[in-house]
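My structure is below; once you've seen it, I'll send some questions.
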Amino acid sequence: MNKKLNTVWFTLAATLLNILILLGFMSLSGVAFLLIFRNAESISTGMSLLAVGIIFFGSIAATFFVYSKIIKWVSEKWHLEDYIEPIFKLSKKK
C-alpha cells in the first residue's frame, strides 16, 4: 500500500476510535449521574439540562485528552510518520 492509502485507513480508524471513546465517556458519565441521583425524589428540568450539558461537554473534553494521548503513543510506537503522509503541510511564505 502507498502512503496516501495508509493515511486514509489511519484516518478512518482514528475517527472510529474517537467516536467509540466519546460514546464510552458519555455512557459512563450518564450512568454515574443516574447512580448519584438514584435516590432523589425528583430532579428539576434545569438540573437535567445542566447534567446533559456537563455530560456532553465533559465527554468531549475527556475524549480529546485521551484520544490525543493514544494517537501520540501509537505514532511513536510504530513510527507512523514513515507510513502515512502528513495531512496538513506547512506552506512556505514568500
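Looking at ILE21 and the list (1) surrounded by fewer than 13 Cβ atoms within 10 Å (Cβ to Cβ); (2) among the aliphatic types (A, V, I, L, M); (3) in contact with a helix residue (DSSP H, G or I) (Cβ under 7 Å, 6 or more places away or on another chain), which single condition is not satisfied?
Going through (1) surrounded by fewer than 13 Cβ atoms within 10 Å (Cβ to Cβ); (2) among the aliphatic types (A, V, I, L, M); (3) in contact with a helix residue (DSSP H, G or I) (Cβ under 7 Å, 6 or more places away or on another chain) one by one, ILE21 breaks only (1).
Rundown of residues vs (1) outside any helix (DSSP H, G or I); (2) in contact with a Ser or Thr (Cβ under 9 Å, 6 or more places away or on another chain); (3) not acidic (Asp, Glu), yes/no style:
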site: MET1; (1), (2), (3): yes, no, yes
site: TRP9; (1), (2), (3): no, no, yes
site: ALA14; (1), (2), (3): no, no, yes
site: LEU17; (1), (2), (3): no, no, yes
site: GLY24; (1), (2), (3): no, yes, yes
site: MET47; (1), (2), (3): no, no, yes
site: GLY53; (1), (2), (3): no, no, yes
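Among the residues of the range 26-38, which ones are surrounded by 12 or more Cβ atoms within 10 Å (Cβ to Cβ) and not in a helix (DSSP H, G or I)?
Correct list: PHE37 only.
Now, a different point. Which one is farthest from the chain's Cα centre (by Cα) among residues in the range 1-18 that are exposed (fewer than 15 other Cβ atoms within 10 Å of the Cβ) and not aliphatic (A, V, I, L, M)? Explain how you work it out, then say what you get.
Residues of the range 1-18 exposed (fewer than 15 other Cβ atoms within 10 Å of the Cβ): 1-5, 8-9, 11-16.
Those still in the list that are not aliphatic (A, V, I, L, M) too: 2-4, 9, 11, 15.
Values: ASN2: 27, LYS3: 24, LYS4: 24, TRP9: 18, THR11: 13, THR15: 8 Å.
Only one residue fits best here, namely ASN2.
Identify, please: which residue in the range 51-88 is over 30 Å from ASN6 (Cα atoms) and surrounded by fewer than 12 Cβ atoms within 10 Å (Cβ to Cβ) and is, among those, nearest to the chain's Cα centre (by Cα)? It would help to see each step written out before you state the result.
Within the range 51-88, the first condition is being over 30 Å from ASN6 (Cα atoms), and the residues that meet it are 51-58.
If we keep only those that are surrounded by fewer than 12 Cβ atoms within 10 Å (Cβ to Cβ) as well, we get 53, 57.
Working: GLY53: 17, PHE57: 11 Å.
Checking each candidate, the answer is PHE57.
Something else about it: Report every pair of residues separated by at least 6 positions or lying on different chains whose Cβ atoms are under 6 Å apart, first residue within the range 44-72 and more than 22 Å from LEU12 (Cβ to Cβ), second among the aromatic types (Phe, Trp, Tyr) and surrounded by 11 or more Cβ atoms within 10 Å (Cβ to Cβ).
ALA51/PHE33; ALA62/PHE25
Values quoted throughout were computed directly from the atomic coordinates according to the rules given, and no laboratory measurement underlies them. Predicted model only: the values in this text are computed from it and were never measured. Here the Cβ is made from the backbone with ideal geometry for all residues, glycine too, and neighbour counts use every protein chain on show.
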